[in-house]
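Encoded as structure tokens, the structure appears first; notes follow it.
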Amino acid sequence: MELEQTLAKYFGYTTFRPGQKEVIEAIFEEKDVIALLPTGMGKSLCYQLPGYILQKPVLIVSPLLSLMQDQVEELKRFGEKRVVALNSFLTVSEKRYVLHFLEQYRFIFTSPEMLLQQQVQDKLSQMQLGLIVVDEAHCISQWGFDFRPDYLRIGQWFSQVNRPPVLALSATATNKVVNDIRDTLSLDTPFEFLYNVDRPNIHLGRVVFEDKADKVHWILQHVKETAGPGILYMSSRKRAEQYSEALIQAGIRTAAYHAGYGAEDRQFIQQQFIDGELDWIVATNAFGMGINKPDIRQVIHETMPANVENYMQELGRAGRDGQPALAILLYSDGDEELAKFVVTGDLPTAGHVDRYQELLNQQVHPSQMLKNGELSETAFRVLDYWLQQETMEQVKVRLNHLALEKYRAVDKMYKMTQTKDCIRKQLVGYFGQKLLKKPENCCENCGIHYDEINKVRLKEEKKIEMIPWESRLKQLLLGC
Amino acid sequence: MFHQILLQIFQKLNNERTISAAYHVLRGKRSGQTIQDIGLFQLHNYFGLLPKLPRKTFDEAVSTFLQYSWLIMQESGHYSMKKLGLQRADQTSDFLFDGWHYRGNEHVFFARFSLIVQSLSYQSAGVRTFSPISRDTAIQSWVRTFLVEHNYQDGHIQQRLLEECERVLAVLPLSEANKQLVLYRLSGHSLPGWTWQQLASERKETVLDCQLAFIELLHTLLNEVHQTNDYPLLGEVAEGLRVKALLTDSAQQTAHLYEQGYSIEQIVQIRKLKQSTIEDHLVELAMNEPNFSIGPFVSYEEAEKVWQASKHYQTKKLKTLHEVVEGMSYFQLRLVLAKGEV
């Protein structure tokens, strides 16, 4: 059967999106594949479709439990029953059941932690898998933002077993990360698909301020005068709340968003934004994962993000509908120092290494540090992993090295705030690609007429009013 | 609202505890001391209202009280209410919390309820996919079973649930604004809920006060649903959430024997425990069980005397009462105090 027919039969689409077909064909040729596709561009189809043609189960390793749950639910909505999430949420008896019937599933989702359990490994090694998928593969790279040590361990497991093709998926990665993925997973001359990172409909603005106070003034003025929907990215929770409050005071429909709010509140804000009840979200980098709003017109960074990958991912949330959109990076003197402070704040230090050993000497489990709030969860994960592999001195050297790498990443981002060259060319070049064509209003350095992109904000947007409880109850249950 | 609640607790604790005792009550601390305070000072309503209350928030409220001269602190950590504070406490109306019987389970009720409403809202709109407001798999599977059992696909359950909700909200003796508040913590298709922040600024109060008003409404609603059998669907959603087993296991066994008619002495022999232990159990029973009568141990006149003395001397200290009310044992005094004034 032609791939297109399978696509229509199981998914109801008539054509592939860029990259999907190339990736799937490579899998059928039994090649390992590294596919870099942006979020919302149909990454998961690259393994879902093969799942229906290969007569063997597809194993998907996914580091984020919530993401895994989303993917399982999505498949179930399409009517797929032979799908299971083998993770720590299962009870002992559920797990026993799932393991017993494992070969009967078409899609098996699991976490790196689970994959390291002996009984899971034993079961998998007796089975014939059709494909192994490593989702969010950039987590494998210790240079990545969310490094997962357990991912390194699965790399070791991969090299032991007689395995089917491996498909490594990620939304963001540089050459360096791609190299890490290839080496760590011991991929065999993989086929690499890298999407075009350039987004020609997003115009790249940049504004430099001498004084921080001017920045505040500029932001308030800009948001008052130009139309959303937009996202304002901030470097801290506190700042997000302050700006949000100021914009609300100015009569702009705004909400703050960060990981400190409860899950319900976060979902309410996302939904309000998608439904058009809010024009601006003032957020930390916690905002964006899984948001699907095609008509975001502006993304403004109040200060530079930690690295170019994050910057591209965040600005890429604008203009998914293909219509013109604007990304503006703001810079004032010393922003890079703040960025450096923030990126290393999450790293374990030499002091943490000593403390870890001290606790071990006292026969206390080192996770006590985490419980005491002495360091973040990510930091503990990194520390715990390396101290089981290497000596204290080696780990200290490694941590130093990590901090330097993070500084270097900030420096590269800093260059984007300073360059006099075409910003688009620089950004695309960072990902090892060549810019083929410059769009109109390309970037700050090539020249932008802001008034050609920004629409004037319509004053007096309808503020949502509360209605009496009886009416709200009817609306909720009956839809009227 | 938070300040009023705190002031009421301080008033009830009657200057006989440290300020931390109030904190433990609100956080629902399960220590012997706190549980005993609940009974002695009749603080059941407030128990465990805010299990995650940060100490900082609590301390800030206390310093406000000090600033307003509502109370003064002693070095021991004890406090004394001042006239202004007592007046203030008397001015506030009583709240309808029932922390003792729900202990945070109101949030389980609401998680189930919001997921049911969200599912039905999307179903009414003909939209099959949405991201569930509750990520908790236990809640999700509970709701799935509930919906399937009620044949939600035939579309009648919406009408029935609407009718029950309208009826129950109409009878609750709470403000329209608070009923509205709870409705805006629900979401549905094209009807996002409001965040605590948004609700607080609309109501011109703090987030904490919004959350307390929300909890009060849920407690009141749950009690209405549990006390009558008039709300079959809501009754199911609330099933198992009212805490019944208030007693420790050992006290439960003593209670069982006592209900069968055994005397204290017989229970001591059967259970091979000290008399004082059995007496502790009976005090616990008196504290928790509304139907437990202290009549077999204390006459009405004796109880009356204890109450009058307690009022007269403004104390619930056993030692003081033992001195001023003649001829009563500590056990009898504790029973009277545990039972509370009739």
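When the trypsin sites (Lys or Arg not before Pro) in segment B:4-83 are filtered for DSSP coil states and for at most 12 other beta-carbon atoms within 10 Å of their beta-carbon, the remaining sites are B:R30, B:K52.
With bins 5 Å wide beginning at 0, the percent of Cα pairs of segment B:171-228 falling in each bin runs 4, 18, 28, 21, 17, 9, 3, 0.
Once you've got the Cα coordinates, tell me which of A:K31/A:K406; A:K95/B:K29; A:K9/A:K56; A:K43/A:K215; A:K462/B:K52; A:K212/B:K56 are over 27 Å apart. Beyond 27 Å: A:K31/A:K406; A:K95/B:K29; A:K43/A:K215; A:K462/B:K52; A:K212/B:K56. Shown here for segment B:75-165: GluC sites (Glu not before Pro) in loop regions (DSSP other than H, G, I, E, B) with at most 13 other Cβ atoms within 10 Å, namely B:E75.
Using alpha carbon coordinates only, what is the Rg to Rh ratio of the protein assembly as shown, with Rh defined as the Kirkwood radius? Show your work: numbers first, answer last.
Values: Rg = 31.6 Å, Rh = 31.2 Å.
That ratio is 1.01, to two decimals.
Spin-label pair A:K455-A:F101: with each label point 7 Å from Cα along the Cα-Cβ axis, the two points sit 5.2 nm from one another. Charge tally for A:G19 (other residues, Cβ to Cβ under 14 Å; Lys, Arg +1; Asp, Glu -1): 0. For A:K463, a cut-off of 24 angstrom between C-alpha atoms picks up these lysines, skipping any fewer than 8 places away in its own chain: A:K224, A:K293, A:K455, A:K474, B:K179, B:K204.
Extension gain, A:D421-A:Q249: 0.36 nm per intervening residue step, less the Cα-Cα distance, totals 58.1 nm. At full extension, B:T206 and B:V243 could sit 10.4 nm farther apart than now, given 0.36 nm per residue minus the alpha carbon distance. In chain B, Rg over Rh equals 1.03, where Rg is the alpha-carbon radius of gyration and Rh the Kirkwood radius from pairwise Cα distances.
Distance between the C-alpha centres of segment A:223-239 and segment A:339-406: 34 Å, rounded to the whole angstrom. Listed by chain and number, the lysines whose alpha-carbon sits under 23 Å from that of B:K319, ignoring those within fewer than 8 places in the same chain, are B:K12, B:K274, B:K305, B:K311, B:K339. Shown is the FRET efficiency for A:T391 and A:L194, computed with R0 = 45 Å from the Cβ-Cβ distance and rounded to the nearest 0.05: 0.75. The mean number of partner chain beta-carbon atoms within 10 angstrom of a residue's beta-carbon across peptide B:117-125 is 3. Multiplying the residue separation of A:K212 and A:Q117 by 0.36 nm and subtracting their alpha-carbon distance yields 29.0 nm.
Net charge near A:N87, counting Lys/Arg +1 and Asp/Glu -1 over other residues with Cβ under 11 Å of its Cβ?
-1
For chain A, which span is the longest to avoid every loop-located (per DSSP) member of trypsin sites (Lys or Arg not before Pro) having at most 14 other Cβ atoms inside 10 Å? Show your work: numbers first, answer last.
On the way: sites that count: A:K81, A:R82, A:K420, A:K434, A:K437, A:K455, A:K459, A:K462, A:K463.
Answer from the scan: A:83-419.
The spacing between segment B:288-342 and segment B:74-145, judged by their C-alpha centroids, is 35 Å.
Evaluated over the Cα positions of segment A:231-329, the convex hull gives a direction-averaged projected area, one quarter of its surface, of 6.0 nm².
Net charge near A:F209, counting Lys/Arg +1 and Asp/Glu -1 over other residues with Cβ under 12 Å of its Cβ? List each step's numbers first, then the result.
Numbers: positive: A:R206, A:K212, A:K215; negative: A:E210, A:D211, A:D214, A:E302, A:D333, A:D335.
Summing Lys and Arg as +1 and Asp and Glu as -1 gives -3.
Here the simple spin-label model places points 7 Å from the Cα toward Cβ, and for B:T92 and B:Q269 these points are separated by 5.2 nm.
Taking R0 as 30 Å, what's the FRET efficiency between B:Q74 and B:Q42 from their Cβ-Cβ distance, rounded to 0.05? Please list the in-between numbers first.
Details: r = 24 Å, r/R0 = 0.79.
The formula returns an efficiency of 0.80 here.
In the protein assembly as shown, the DSSP beta bridges split such that about 10 percent are antiparallel, to the nearest 5.
Panel values: segment B:238-342, Kirkwood radius from alpha carbon pairs, Stokes-Einstein at 37 °C and 0.692 mPa s, translational diffusion coefficient 222 µm²/s.
Throughout, read-outs are computed from the coordinates displayed, never taken from laboratory work. What you see is a predicted model, and the numbers here were worked out from it, not measured in a lab. Cβ atoms come from the backbone with ideal geometry, glycine included; neighbour counts cover every protein chain shown.
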